[in-house]
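J.: This is the structure, below, for whatever I ask next.
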């Protein structure tokens with residue numbers, strides 16, 4: 001008996017029905033960067049990586065995959081690489097309502113592939129790329145983020161630079177998801193030779209000291225009667241007026257460099273009061289203040305045109321010893337006191353200064369000085385603007401050091417020397433005494449000095465009180 005014959009031939013009508021039941025799945029893109037962008041990248045070095053396209057199965061209403069009902073994908077494909085820079089601004093009012101605002105700064109598009117594309121369910125296609133035309137514009141700020149409070153708003157601001165991939169399948173009704181954006185850390189490369197090396201702009205503040213101690217010892221009113229006579233005659237005490245000038249010598253500084261401050265104290269008049277009164281610098285501190293300004297005109301819930309945030313980002317450590325006493329003898333030749341104060345280096349974590357229409361970052365030194373003159377204290381506070389640039393390439397520091405050394409030969413303030421009063425120079429130098437035994441040290445400490453002090457005290461009391469007798 002012959003076996004039954006099965007007819008496996010499918011009719012064209014059945015094939016057409018099976019094809020109508022099949023549906024297209026989803027195309028998911030993923031971007032991978034081979035090497036993260038270094039701090040400074042040569043414009044000729046391309047961005048290299050790959051884009052992965054994965055064709056997934058169709059999902060039903062319950063979000064379940066149905067590979068058996070997913071058709072093979074075939075059609076035209078357009079694949080682009082997009083670099084985008086923008087400002088992400090989030091503002092919270094006092095009522096706790098957040099509003100988001102996004103300000104685009106630039107957007108570049110590069111076509112990677114245009115042509116036919118075929119993929120089966122679960123198949124992954126790889127498209128490598130190497131592009132060197134994607135570079136932010138020259139005025140694009142570095143990427144950073146900060147959180148601050150600008151009454152009455154709480155603000156979260158971030159400058160971002162992203163690299164993503166966009167997928168398009170024209171003529172096909174398919175869900176194509178673009179690649180998730182990859183954030184890129186960007187710091188603009190410093191422009192070499194675009195700023196002066198040495199500057200001599202000084203910031204000045206006037207200080208006036210008026211005190212009884214500015215008088216000579218025999219001219220001072222001693223005692224209660226003389227003090228009243230002095231004030232009844234309305235005789236003002238003498239004044240010592242001088243100007244404090246401070247300069248950083250550089251308007252632009254690389255991170256990692258040590259700021260130097262030239263300090264000049266210039267009296268307005270050279271008289272007997274000035275020549276007999278020393279000026280002492282008791283305190284000197286420097287802080288680096290960062291001021292960030294963000295455009296807020298696109299935020300609907302905000303009435304301000306911009307947000308501004310000021311924060312002290314670094315306290316400098318001094319390498320100069322305080323207090324510094326300026327000798328009046330120096331006024332006879334220069335008519336001013338000059339000294340130079342060295343501080344620690346600028347930290348590399350500080351962003352370079354930049355200026356953009358939407359966001360800007362600038363820096364300033366907050367200098368605080370305290371002077372002691374004739375027993376009185378005077379405070380001087382200065383704000384000196386400074387432009388911070390990124391660290392230079394390797395080898396440029398040596399060139400800058402040579403130029404700085406040459407500039408110091410042209411203008412070198414005299415080094416500070418401690419003022420020695422008259423009579424102190426005639427004293428003999430200190431010589432260490434020989435070590436003594438323990439018993440001799442105890443006997444001399446317990447008897448000698450105390451007995452000598454008692455005899456001196458008795459002689460002094462007999463002179464002050466001659467009629468007083470000791471019991």
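Taken together, the values in this text are just the output of simple stated rules run on the coordinates, not laboratory data. The model shown is predicted, which means the values in this text are computed figures rather than measured ones. Cβ: placed from backbone, ideal geometry, glycine included. Neighbour counts: every protein chain shown.
J.: Let me know the Rg and Dmax you get for segment 234-323 when you use only its Cα atoms, in Å.
T.: When restricted to the Cα atoms of segment 234-323, Rg and Dmax are 21.3, 66 Å.
J.: Going by the alpha-carbon gyration tensor, a ≥ b ≥ c the square roots of its eigenvalues, is segment 118-192 rounded (a/c under 1.5) or, if a/c is not under 1.5, prolate (a/b greater than b/c) versus oblate?
T.: The shape class here is oblate.
J.: Take peptides 143-153, 245-255 and line them up by average Cβ neighbours within 10 Å, highest first, as a rough protection proxy.
T.: Working: 143-153: 13.6, 245-255: 19.1.
With the highest mean Cβ count within 10 Å placed first, the list reads 245-255, 143-153.
J.: Between residue 173 and residue 291, what length in nm is gained on full extension when 0.36 nm per residue of separation is reduced by their alpha carbon distance?
T.: 37.4 nm
J.: Can you give the Rg to Rh ratio of segment 69-183, both from alpha-carbon atoms, with Rh computed by the Kirkwood formula?
T.: 1.12
J.: Please give the direction-averaged projected area of the C-alpha convex hull for segment 203-394, in square nanometres with one decimal.
T.: 16.8 nm²
J.: If packing is taken as the mean number of other Cβ atoms within 10 Å per residue, what is the order of 103-111, 346-354, highest first?
T.: 346-354, 103-111
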